[in-house]
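Take a look at the structure set out below.
The values are calculated or read from the model by the stated rules, or taken from the named source; none is laboratory data. Because the structure is predicted, anything quoted here is derived from the model rather than measured. Cβ atoms come from the backbone with ideal geometry, glycine included; neighbour counts cover every protein chain shown. Ligands, DNA and RNA are stripped out before the accessible areas are found, and what is left, the full protein with its side chains, is counted by its heavy atoms. Shrake-Rupley method; radii C 1.70, N 1.55, O 1.52, S 1.80 Å.
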Amino acid sequence: MTSLLGRAEDASVQEGFLCPVCLQNCDSILQLQWHVESTHNTGILKSHVKDFFGKAKRFIRSGVDTDRLDGSLSHSQEHLDRGISDDGDSYIGSDPFQWENDLGHERSHWEYFLTRRSQTIDKVVVESNKLLLRLDKLVKQGPPWSDQNKRKAFEKKIVPWVEDSSSKFCRFCQEKFTLTNRKHHCRLCGKLLCNKCSFYMTYSYCECVLNPTPSNIEASKKEPTDEEIAHALRVCKDCYDLMENHKSRVQEETSKPMVVQLYEKISEVMEMVQKIIPDYNDVVECLQNAGENYTLEDANTRRSKILKMFDMIDSLSKKILTLQPKDKATNSATTVALYRRIRANVVRFLQETSLELKPLPSEEDLKRWKDERRTRRLEEERKARAQEESKQKPKSSPVRTLTQEALKMVPKTHGDEKVGKGWTPSSIDQASVAAMTDDPLLQQMNIISGYLNQALQDGKWDEANVLEENLKLLQREYREQEKRKNAAVAGFYE
Amino acid sequence: MNVIQAVKLYVSKMIEDSGPGMKVLLMDKETISFVSMVYAQSEVLQKEVYLFELIGNRNREMMKHLRAICFVRPTEENIELLKEELTIPKYGVYFIYFSNVISKSDVKTLAEADAQEVVREVQEFYGDYLAISPHAFSLSVSNCSRHSNWKSDALKRTCEGLTAVLLSLKKCPMIRYQNSSEMAKKLAETIKQTISRDTSLFDFRRTDVSPLLLILDRRSDAVTPLLNQWTYQAMVHELLGIKNNRIDLSGVPGISKELQEVVLSSEQDDFYAQNLYNNFGEIGAKIKELMDEFQKKSQSQKKIESIADMKAFVENYPQFKKMSGTVSKHVTVVGELSRIVGLHNLLEVSEVEQELACQTDHNEALKRIKELLNKDKIRNLDACRLVALYGLRYENHSNSNFVGLMDALRKRGVNSDDLHLVRKIVEYGGERSRGGDLFGQENTIAKTKRFFKGLKGVENIYTQHTPKVQDTLDQLLKSKLKEGAYPYVSSSQLKERPQDVIVFVIGGITYEETLAIYNINKATPGVRIIIGGTTVHNFQSFKEEVSSGS
C-alpha cells in the first residue's frame, strides 16, 4: 500500500499556480490572478448570436457526457432515445453512456448496532467509573508511604482484595502460583495475578488519568524516578486498559493537533471565500450597469479582501506542508502524503475560484459605462416623451417628428428592435478569442461573456438572461472537462 | 440501469454522509478495485478524501484526526479485522458500509467491539461488483467451474455479486436460464432462493413490465473468446490485457517510466470513451487528425505517415504531450498494438478465424489453416486457437481433419499441455455441451440471413463475426426465445416484450459481447440491456478457465 501511495504523489500533484487556460506557471496566487485578468480577459467579439448558439448547442450535444450537463436536458433526450418521441418511424434506442439512475437500495443496521453497543458500553462505563473513584482515593489519600504494611492495609481498605485461596492459577498466563511464583493483588480490582502479568501505574500517571491537564500530561511523559517506580500501583491488564482508554479519550477531547487547527482554519476561510465571491461579482456587475448603489471603492475593498483570503489559504496550507510528523521513526509516509494532498487540493481550489472572479474595472471602464448609461437614459426619456407626444396629439403633426426621433435612434442600435429585427451584439473579434486558447469550450465561454457584457450594456435583459444561462452551462461543462482531464492524468491510487 | 453510476452514487453518498473534515477511505482488496473503476483519485480528493488504505494492512499510522469511511465486503476475515480496528481505533470516527448483506450476529460482534464509541454509521451499500461500462459488469471470479460444475465458493460469490447488481439497480427480476447448462440452472435457483429468503429486501416499486435476468453459460459460445479482436477496448484486452482499467506496458520495448502502467477509463478519459468501440484503423486516423491539427499550430513540416512517426512526433514535441497527455498515452498503446499485430501476422490469422466462424467452405478453411501452420511468424498461441476453432466448427464434418491438424501442431513444437488444451476447448464448447445452434446451420432463417449477408458483401472481413448472445437477445426481444431451451425458474412468465434485461454469462464475457450489447441498446427503442459475467476474458484467461473447468 505504501508503494501505491508513494507513486500517486508523482502523478497527481502538479505543484504551483498553473494558469488553467494556458498552463503558464505563476509564482503566487496574486500573480496568477493578475495573469488571468491581463491575458485571458474576455475580448470583444464578432458574430451573430444565433449562429453561435447553434454551434454551442451542437458542441454540447456531440459531447459524450451530455447527461452531466443538465439533468432535464438529458432526461428528455433519454425519452427521445428510448423511442417515446412522436415522430413515427425514426425510432432509435438509447446510449448506455447516457443512462441515469437514482441511488441504489440501501439498508441500515445503525439502530440495531446502537442498542447492542449501548448494552456493552454501559457495563464498561460503570466499571470504569468505579475504578476511577478507587484510583482517586488511592492517590489523594495515599502517598507518601514509608511503611509498606500500612500502605497495604490502606489499599485493602479502599479495594477489597479477594482471598488468596480463591484461585490457584494466574488468570492471565494460566500458570500455577507457587512459592516462587507468588500471588499478587491488583490494586484496582483486587483480583489475583502473578508478578509477570502485572502492570504498574506511577503516581504521576494516575494524576494524568484523573485530571489530564497539559502540565499533568507533561509530567507523566517524564522518565519515572526509581522512587516513583517503587511506589507505583500494581494493576492487572484489564484495569490498565480501561484507565488508558479513559485517559486517551479525555485527552483527545481536550487537545487538537496542529494540522487539524490549520485545516479547520483553511476550510473556514474557503467557505468565506465562496460566500463573498458572488457578492463581489454582483458589485462589479452593478458597476457595469452604471448602477449607483456601489462605487469602485466597494468593489476594490471586497476584491482585496478576497485576495487576502487567497493568500491566507495559501500560506496556511504551506504551513501544513512544513509540519513535522509526530512519530518520526515509524512509517510517517502516510502523514506526509496527507499533507501533500491537502496542499494539492488547496491549490486546485485557488485555481478554480480565481477563475470565477470577475476582473476589477478601471476608472476608464467606469467612466465609459456611465457615459453609455447616460446617453441611454437620455434616449429613453426622449423616446418616452415622443410616445407621450404622439399619444397626446394622435393625428395632427405626428408623422414628421416621430420619424425624426426614430432616425436619431437608429445608429445607437436601439429602437429598431421593435420593428422585429431583434438584437445582435456588435463587433466581436472572434479571431482574437480563438488565438487566446485552444479549448473550444473556453473560446465559446469567452465569446459568450463578451456578448453578455454587450447585452448588459445595451440593457437587453432577456437576451442577457439567456446568455447568462448558456454561460453557466458552458462553465459547468468546462469544470467537468477539467476534472476529467486531471483525473485521466492522475491515474488512480497509484 | 447504469452500473457505473450505481456504484458511483454509493461512494458519493458515503463521502457526503461522513460530513466535513479530513477523510480516509478504508477498503479491502476487492472494494478498492470496485471504487477505482468509477472514481479517480483526484475526484475524491476534492471531497476531502485524502488517503486510501487497505483494512488488511495492520501497520497503518494512528491518525485520530481523520474520519474513516470504511467500505468492505462482509467476509469473515473483514469482520475480524474490523473488530480489531474498533478495539484499538486508529481514526477518530468510523462510517462503516458493507458491500453486501451482513448477518445480525456480525453487527452484534462489531457493536460489542466498539467500546470507544467511534462508529457513527453501519449500512449496506450494494456496490459489490466491477462496473466496466454503464451496461457491463464483472465479478472478478475466474475459473468458476470444475468438472462442468460450480466451485462452491465461486457460486457463493457469483450469487452475492449478482444480487448486489439487482439491489443497486433496484430490480427484482424474473429469471430465465439456459436449459442445457446445469450451472445456469443452479445459479438461477440460488438467486431465486436468495430473493425469496429476504423478500423485504427486494420489495421495490413494481414496474409495468417486470425486469428479466437471463443466465447463460460460456459453453454455449466458446467461439467468441477464441477470436482476435479489432475494436479498441477488445483488442487492448486481447493483446495487452486490461485489469481493473489498468494496462501493464512494462514489457514494451523502450517504454518510458511513466507509461509502464497506464489507466484506460471511459469515465475519465474522453478519447478512450469516444473510441472504445471504434476499430483499429479508425483510431489511428483519429490520433493522426489530432496530431495534424497540432502540427498546423506548431508549423512543423514533418509528415506523419505511420504509427512510428506518431511516436517520434510525440517524443519530440513536449508541448503536445502536455496539451493532450491522454493522446500520447493512446499513441503508445496503439503503437504497441500495431507492433504485435505486425510481428505475429495477426491480420492473416484473423482473416482465417473469421472465415472459420462465419463461412461454410470447409476445404478452403482447412487449406488456409494448413498454410498458416507452416509459417514461423505465427505464434503457437494463434496456431492453437485456429485448430480449436476448426475443431469446434467442423467436429462432425465428414471430411474433418482435426487429427491431422493436431499432428501439425505437434510438429510445430506446441507443448503437450497446450495440445491437451485444444482438445479441452473443443470438448468445453462442443456440440454436446453447448446444446444450441452456434453456427446457424440447422435454422433455415439463419441460413437465409447468412445468404443475404453474403450478397451484401462484407464491410470488414475482420469483424464479420457476431457473438451468439446477440442472436439470443434478438430472439428474446422478439419474444421468440424458446421456453424449452430457456425456461423460467418460477411458474410465472413474462407476457410482454421485456424492457429491462440483465444478461449474465457464467464463465465470463468478452469485450466483443459488451460491444454487441451496446449496439442492441442503441438500435432498439424502449429496451435497456446490461451484460455481466463472472469475469472478462481474452484468449489467455479463457484458456485457464477451460483447463480448470473440465
Say we look at the range B:267-292 and pick out the residues that are outside any helix (DSSP H, G or I) and more than 12 Å from B:TYR232 (Cα to Cα); which of these is farthest from the other protein chains (Cβ to nearest Cβ)? B:GLU267
For the list (1) farther than 19 Å from B:THR463 by Cα; (2) open to solvent by 50 Å² or more (accessible area, probe 1.4 Å); (3) hydroxyl-bearing (Ser, Thr, Tyr), I need the number of the one condition that B:THR360 fails. (1)
Would you check if there is a residue in the range A:125-146 being within 14 Å of another protein chain (Cβ to nearest Cβ) and touching a helix residue (DSSP H, G or I) at 6+ places or on another chain (Cβ under 7 Å)? yes
Count of residues meeting criterion [touching a Pro at 6+ places or on another chain (Cβ under 7 Å) and part of a loop (DSSP other than H, G, I, E, B)] in the range B:49-76: 0
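Residues are listed down the side, and each one gets a yes or a no for (1) part of a loop (DSSP other than H, G, I, E, B); (2) of a type in the set (S, T, N, Q); (3) modelled with pLDDT under 85:
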position: A:ARG341; (1), (2), (3): no, no, no
position: A:THR353; (1), (2), (3): no, yes, yes
position: A:PRO361; (1), (2), (3): yes, no, yes
position: A:GLU379; (1), (2), (3): no, no, no
position: A:LYS391; (1), (2), (3): no, no, yes
position: A:LYS395; (1), (2), (3): yes, no, yes
Among the numbered criteria (1) open to solvent by less than 20 Å² (accessible area, probe 1.4 Å); (2) part of a helix (DSSP H, G or I), which single criterion is violated by B:ILE378? (2)
In the range B:472-511, anything open to solvent by 70 Å² or more (accessible area, probe 1.4 Å), more than 25 Å from B:CYS159 (Cβ to Cβ) and touching a residue at least 24 places away in the same chain (Cβ under 8 Å) is listed as B:GLU496, B:ARG497
What about A:ARG385, is it modelled with pLDDT under 85, away from chain B (no Cβ under 14 Å), open to solvent by 60 Å² or more (accessible area, probe 1.4 Å) and assigned to a helix (DSSP H, G or I)? no
The listed residue being open to solvent by less than 90 Å² (accessible area, probe 1.4 Å) and either under 32 Å from the mean Cα position of the chain (by Cα) or at pLDDT 85 or above (or both), out of B:VAL426, B:VAL403: B:VAL426
Selection status of A:VAL346, in contact with a Ser or Thr (Cβ under 8 Å, 6 or more places away or on another chain), within 14 Å of chain B (Cβ to nearest Cβ) and in a helix (DSSP H, G or I): yes
List pairs: first in the range B:1-27 and within 26 Å of B:ILE529 (Cα to Cα), second basic (Lys, Arg), Cβ under 8 Å, 6+ apart or cross-chain? B:MET1/B:ARG528; B:SER12/B:LYS47
Out of the range B:155-180, which residues are open to solvent by less than 10 Å² (accessible area, probe 1.4 Å) and of a type in the set (Gly, Ala, Ser)? B:GLY161, B:ALA164, B:SER168
Taking the range A:154-165, which residues are out of contact with any Asp or Glu (no Cβ under 9 Å at 6 or more places or on another chain) and either more than 16 Å from A:CYS197 (Cβ to Cβ) or loosely packed, with under 10 Cβ neighbours inside 10 Å (or both)? A:PHE154, A:GLU155, A:LYS156, A:LYS157, A:ILE158, A:VAL159, A:PRO160, A:GLU163, A:ASP164, A:SER165
Give the residues of the range B:38-55 that are open to solvent by 10 Å² or more (accessible area, probe 1.4 Å) and more than 9 Å from chain A (Cβ to nearest Cβ), sorted by residue number. B:LYS47
Can you find a residue that is away from chain A (no Cβ under 14 Å), out of contact with any Cys (no Cβ under 8 Å at 6 or more places or on another chain), farther than 27 Å from B:GLU431 by Cα and open to solvent by 20 Å² or more (accessible area, probe 1.4 Å) anywhere in the range B:120-133? no
Across the range B:134-154, what is the total count of residues that are of a type in the set (Gly, Ala, Ser) and facing chain A (nearest Cβ under 9 Å)? 1
Return the residues of the range A:121-141 that are open to solvent by less than 30 Å² (accessible area, probe 1.4 Å) and without any contact (Cβ under 8 Å) to a residue 60 or more places away in the chain; say none if nothing qualifies. A:ILE121
Failed item in (1) open to solvent by 10 Å² or more (accessible area, probe 1.4 Å); (2) more than 7 Å from every other protein chain (Cβ to nearest Cβ), with B:ILE96 passing the rest: (1)
With open to solvent by less than 30 Å² (accessible area, probe 1.4 Å) and within 30 Å of B:GLY429 (Cα to Cα) as the only criterion, which of B:LEU373, B:LEU343, B:LEU347 stands out? B:LEU373
Single match in B:GLU395, B:GLU353 (criterion: buried (at least 21 other Cβ atoms within 10 Å of the Cβ) and either closer than 21 Å to B:TRP230 by Cβ or under 32 Å from the mean Cα position of the chain (by Cα) (or both)): B:GLU353
List every residue pair whose Cβ atoms lie under 8 Å apart, where the two residues are 6 or more positions apart in sequence or sit on different chains, the first residue falls within the range A:264-287 and is within 14 Å of chain B (Cβ to nearest Cβ), and the second residue, located anywhere, is part of a helix (DSSP H, G or I) and open to solvent by 60 Å² or more (accessible area, probe 1.4 Å). A:VAL269/A:MET312
Does any residue of the range B:230-246 turn out to be among the aliphatic types (A, V, I, L, M), without any contact (Cβ under 8 Å) to a residue 60 or more places away in the chain and not in a helix (DSSP H, G or I)? no
Which of (1) free of Cβ contacts under 8 Å to residues at least 60 places away in the same chain; (2) open to solvent by less than 80 Å² (accessible area, probe 1.4 Å) is the odd one out, the single condition B:LYS367 does not satisfy? (2)
Flag for A:LYS176 being open to solvent by 100 Å² or more (accessible area, probe 1.4 Å), under 54 Å from the mean Cα position of the chain (by Cα) and either of a type in the set (D, E, K, R) or at pLDDT 80 or above (or both): no
If we keep only residues of the range B:56-78 that are among the basic types (Lys, Arg), within 12 Å of another protein chain (Cβ to nearest Cβ) and more than 13 Å from B:ILE15 (Cα to Cα), then the residue least open to solvent (accessible area, probe 1.4 Å) is B:ARG60
Residue ID - farthest from the chain's Cα centre (by Cα), chosen from residues in the range B:134-147 that are modelled with pLDDT under 95 and assigned to a strand (DSSP E or B): B:ARG146
Given (1) surrounded by fewer than 18 Cβ atoms within 10 Å (Cβ to Cβ); (2) within 24 Å of A:ASP95 (Cα to Cα), where does B:THR194 come up short, assuming only one miss? (2)
Can you pull out the residues in the range B:1-24 that are in a helix (DSSP H, G or I), open to solvent by 10 Å² or more (accessible area, probe 1.4 Å) and facing chain A (nearest Cβ under 9 Å)? B:GLN5, B:LEU9, B:SER12, B:LYS13
